[in-house]
Amino acid sequence: MLSWLCTFSQSVQHKKLSKAAIELTSQNVTYDPSYFSIAYPNGDVPSDKGVCTDVIIRAYRKIGIDLQKEVHEDMKANFSAYPNNWGLHSTDKNIDHRRVPNLMTFFKRQQAELPITKNAKDYLPGDVVAWSLGNGLTHIGMVVHKKSTDQKRNLIVHNIGSGQVLADVLFAYKIIGHYRYPKE
């Protein structure tokens, strides 16, 4: 009975995450990859600015999970487990959680990684998907409960340059990561 209750609770949490992501699309946000000094914990860049990772961070924050703090603490304890793409020698609580490769590493370290498939039914509301855009560029978004016009895929909330938007982009780019956090 307890395991069923835990699974039910998690699925409710992921539905809340999906709704939180959709709520973000009502905000007017300009794509801005600038470095910002932000508060810690629960810091955020200005509410009218952001990038793809900020969609994920803000959706989780709406359900009480502070990825800034969680990523920072995990990186601080396990710095060598994270990518060294930026030549850093220590953590930076202002930016570490705002980098796709760091979020991917964090989710994987939390055993939240799921298989990458070409089956749209495998991507559930509240799941996080990461893509390669080519040339070393990565992108991340959140699967939500709204469906594509043909009803075959769940839509994604992401920010790839036009603000926090709802779009049918699940298979538009090469998927390099699929996560469900917190893990069920």
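Scanning the range 47-81 for residues that are assigned to a loop (DSSP other than H, G, I, E, B) and either surrounded by 22 or more Cβ atoms within 10 Å (Cβ to Cβ) or at pLDDT below 95 (or both) yields one hit, Val51.
Residues in the range 109-144 that are under 19 Å from Cys52 (Cα atoms) and more than 14 Å from the chain's Cα centre (by Cα): Ser132, Leu133, Gly134, Asn135, Gly136, Leu137.
Condition check ((1) buried (at least 17 other Cβ atoms within 10 Å of the Cβ); (2) hydroxyl-bearing (Ser, Thr, Tyr); (3) more than 28 Å from Gly136 (Cα to Cα); (4) at pLDDT below 95) across all residues:
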site: Phe8; (1), (2), (3), (4): no, no, yes, yes
site: Pro33; (1), (2), (3), (4): no, no, no, no
site: Ala39; (1), (2), (3), (4): no, no, yes, no
site: Pro83; (1), (2), (3), (4): no, no, no, no
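The criterion of at least 1 residues that are in contact with a Pro (Cβ under 6 Å, 6 or more places away or on another chain), at pLDDT below 95 and buried (at least 20 other Cβ atoms within 10 Å of the Cβ) is met by none of the strands (runs of 3 or more DSSP E) wholly inside the range 97-184.
Say whether the condition of being touching an Asp or Glu at 6+ places or on another chain (Cβ under 6 Å) and over 21 Å from His14 (Cβ atoms) is met by at least one residue in the range 81-103. Looking through the range 81-103, at least one residue is touching an Asp or Glu at 6+ places or on another chain (Cβ under 6 Å) and over 21 Å from His14 (Cβ atoms).
The values are calculated or read from the model by the stated rules, or taken from the named source; none is laboratory data. Here the structure is a predicted model, which is why all the values come from computation and not from measurement. Positions of Cβ are backbone-derived with ideal geometry, glycine not excepted, and every protein chain shown enters the neighbour counts.
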